[in-house]
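Input: a single structure, listed below in structure tokens.
The numbers here are math on the coordinates, done by the rules we state, and not lab data. In this text, all values refer to a predicted model and were calculated from it rather than measured experimentally. Neighbour counts run over all protein chains shown; Cβ positions are idealised from the backbone, glycine included.
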Amino acid sequence: MDFSSFLLMRHEIILLAVILLLVVAEVSISSNKKSSVVHLAIFLFGIHTIAGFFKPDYGSLFGGMFHTNALIHFFKNVLNIGVLILLLQSADWIEEKIIQQQRGTEFFMLLFSSLLGMYFMISAGDFLMFYLGLELSMLPVAALAAYETTKRISSESGIKLILSAALASGVTLFGVSMLYATSGSIYFADIVEAISSDNLTILGFVLFFAGLGFKISLVPFHLWTADVYEGAPISIASYLSVISKGAAVFILMILLFTVLKPLMFIWENMVYILAVITMFIGNLFALRQQNMKRFLAFSSIAQAGFILLGLIPGNALGTATVVYFVLIYVFSNLAAFGVVQAISLHTGKEQMKDYEGLYRTNPNLSLVMMLALFSLAGIPPVAGFFGKFFLFTAAASKGYYLLVFLAVVNVTISLYYYLLVVRAMFLRQSETAIPYFKSKIYMKLGLLITALGILVLGLYSPLYDFIHELSNSIF
Amino acid sequence: MIEGITIYEILTVTTILFFIGVYGFLTRKNLISMLISVELILNASVVNFVVINKYLYPDMLQGVFFSIFIIAVAAAETALAVSIIINLYRQISSVEVKDTEVMKH
């Protein structure tokens, strides 16, 4: 192993360098110029995102603890794009609210550390690296959820997140210890050879799956989601629902399709049942929400149920559809959260009835919101339709027609509550409509990128072919 | 290896420990006790890793290393949770779950 093989960890090394540069910036920038930290962080992260697109090398490091391939590399770029959009959307909030309390730099450092944890988690080659990545990705987010220390609701969401995350990781570890007992190794490459379908292995696998289910907020483990999203700052809620969920889905998919493939006859049924109840409960609870953040929380639970449809076939087709859907979901959900954040920042209003008559006062914001909701619901011209359509194709390719039918029923239910918001914005009139306001340049840029993504990604078919080609690299 | 004690006995103890933790987490009404319950769960898996390593695969040290990392991460987790609880206590002067909750669906 020579020095150049460290370049396999290019994403991680550059991001770590960004974090360290921010530490230097925190020390050297005087306290009345702290708002320049926001520009610096966005600039550095932009460089990091662009650097991710250069031609990568593939291979493994540290005796197989860390490995990377074409699909993992691509997915890290997806996460980067998501975080970059999120930074653009939350820049104004950080500048106005957080910099005043002299805590701007820590925000970026914690956010980037969490992203670093996700890189290690999806590149993991053994359970130790996986566990460390999981914890590194979760702990900073819990600190960020409690970041508005003067708000009681923020602390409440922080404590709820940290306690459920700790319980989830404890359950995961107990499951991993059983997998270790039956296979004799914590390395994925050894486990896949030694794994058998005895009862202890299955128990270990179920506990492990439950722990990851917490992160993706599948239904029996979803109870923290709505409360945490409502209490946390909006940028953190959107980070949890997009980036964190995307990374967890990705690693779950890789583990199920490669390491735990011999247990497929077990997890097929589990994923089937969880998909159905997650879709139904997420959608039915979303119907009665009045707060936009809780509404988006339950909508994101329902979306997690749809993603599970892509896990069922267990082959390259499933991988491609899941990654494609996550990519589209990043853009659609960030657009919706971005609009909620813009409105909350300028007016402090977060209820659905506050959105009545929004189209007359803020037409651009309403159009972005409408695109986002159409994409989440899966209405044909926008990208979300293609994402859902491919997921359904993946499930139908193995003959799960009943599951696809139930998913279509759920799309109909979800259409109802997404259109409730659209109706409030476009058809209702209100005396107390949110007055016209101008967003700053970063917010405009963030919303513009998501809107373009929603419009273009679905129609640009080489993208799906490209992802499909990459998907063979994990097998 | 401990003379006269089989792996089954120790694994039974850790499993009981694990479920005490889960039960405590679900029933306790105090944030600190909930945190202690989570620690029980984590310690159950730590003991599991060490015992499985020692009894079944004594020629490698993977389980022992894993347990050291779990202990370190659990300490970080507890520190963060306690700091959030302290921040909450400053605002509401209580660590009871029923006083904490303002968000209900």
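Tabulated values for the structure
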{"quantity": "Loop sites in region A:344-441: trypsin sites (Lys or Arg not before Pro), DSSP, at most 12 other Cβ within 10 Å", "calculated": "A:K438"}
{"quantity": "Reach of A:K440 by Cα under 16 Å, taken over lysines that are not fewer than 8 positions away in the same chain", "calculated": "A:K97"}
{"quantity": "Options A:A166, A:G453, A:F127, ranked by Cα towards positive dipole end of the protein assembly as shown, top entry (Cβ charges)", "calculated": "A:G453"}
{"quantity": "Centroid-to-centroid separation of region A:427-456 and region B:86-105 [C-alpha atoms, Å]", "calculated": "35"}
{"quantity": "In Hz, Karplus ³J(HN,Hα) per residue of region A:292-298 (6.51, -1.76, 1.60; θ = phi - 60°; x = Gly, Pro)", "calculated": "5, 5, 5, 4, 5, 5, 5"}
{"quantity": "Neighbouring partner chain Cβ atoms per residue of B:34-43, average, 10 Å criterion", "calculated": "4"}
{"quantity": "Amide H partners (placed H, <5 Å) of A:D126, local residues excluded", "calculated": "A:F188"}
{"quantity": "Averaged over B:9-17, number of beta-carbon atoms from partner chains that fall within 10 Å", "calculated": "1"}
{"quantity": "Cα centroid separation, region A:15-45 to region B:1-65 (Å)", "calculated": "43"}
{"quantity": "Selected from A:G117, A:P435, A:T412, residue furthest toward positive end of dipole (region A:3-474; charges at beta carbon)", "calculated": "A:P435"}
{"quantity": "Chain A: relative contact order as a whole-number percent, Cα under 8 Å and 6+ apart", "calculated": "15"}
{"quantity": "Within the protein assembly as shown: Cβ-based charge dipole about Cα centre, in debye rounded to nearest 20 (Lys, Arg +1; Asp, Glu -1)", "calculated": "1760"}
{"quantity": "Nonlocal amide H pairs with B:N30, under 5 Å, H built at 1.01 Å", "calculated": "B:V97"}
{"quantity": "Relative contact order [Cα under 8 Å, 6+ residues apart], region A:150-209, whole percent", "calculated": "38"}
{"quantity": "Residues of type lysines that A:K245 reaches as a straight line, Cα spacing below 21 Å, ignoring anything fewer than 8 places off in the same chain", "calculated": "A:K76, A:K160, A:K215, A:K293, A:K388"}
{"quantity": "Inter-label distance, nm, simple model (7 Å from Cα along the C-beta direction), A:Y401/B:N30", "calculated": "5.9"}
{"quantity": "Pairwise label distance in nanometres, A:Y460 with B:E101, each label 7 Å out on the Cα-Cβ vector", "calculated": "4.6"}
{"quantity": "Neighbour-count ranking [beta-carbon atoms within 10 angstrom, fewest first] of A:F112, A:F54", "calculated": "A:F54, A:F112"}
{"quantity": "Residue-wise HN-Hα coupling along region A:40-45, computed from phi with Karplus coefficients 6.51, -1.76, 1.60 (Hz; x: Gly, Pro)", "calculated": "4, 5, 5, 4, 5, 5"}
{"quantity": "Gain in span if fully extended, A:F265 to A:K438, counting 0.36 nm per residue against the direct Cα distance", "calculated": "56.8 nm"}
{"quantity": "Cα→Cβ-extended label distance, 7 Å offset, between A:V23 and A:N199, nm", "calculated": "5.1"}
{"quantity": "Region B:7-95, relative contact order in percent, only Cα pairs under 8 angstrom and at least six apart counted", "calculated": "26"}
{"quantity": "Chain B: calculated mean residue ellipticity at 222 nm from DSSP helix runs of at least 4, using -39500 (n - 2.57)", "calculated": "-27000 deg cm²/dmol"}
{"quantity": "Size of charge dipole - region A:76-156 - debye, nearest 20, with Cβ of Lys, Arg +1 and Asp, Glu -1, no other charges", "calculated": "40"}
{"quantity": "For region A:202-215, Karplus couplings with θ = phi - 60° (6.51, -1.76, 1.60), whole Hz, Gly/Pro x", "calculated": "5, 4, x, 5, 5, 5, 4, 4, 4, x, 6, x, 4, 5"}
{"quantity": "Inter-chain shielding of A:176-189 (mean C-beta neighbours from other protein chains, 10 Å cut-off)", "calculated": "5"}
{"quantity": "Top positive-direction residue, dipole computed over chain B with Cβ charges, set B:L35, B:V13, B:G63", "calculated": "B:L35"}
{"quantity": "Centroid-to-centroid separation of region A:52-98 and region A:217-240 [C-alpha atoms, Å]", "calculated": "22"}
{"quantity": "Rg to Rh, two decimals, where the protein assembly as shown supplies the alpha carbon set and Rh follows Kirkwood", "calculated": "0.95"}
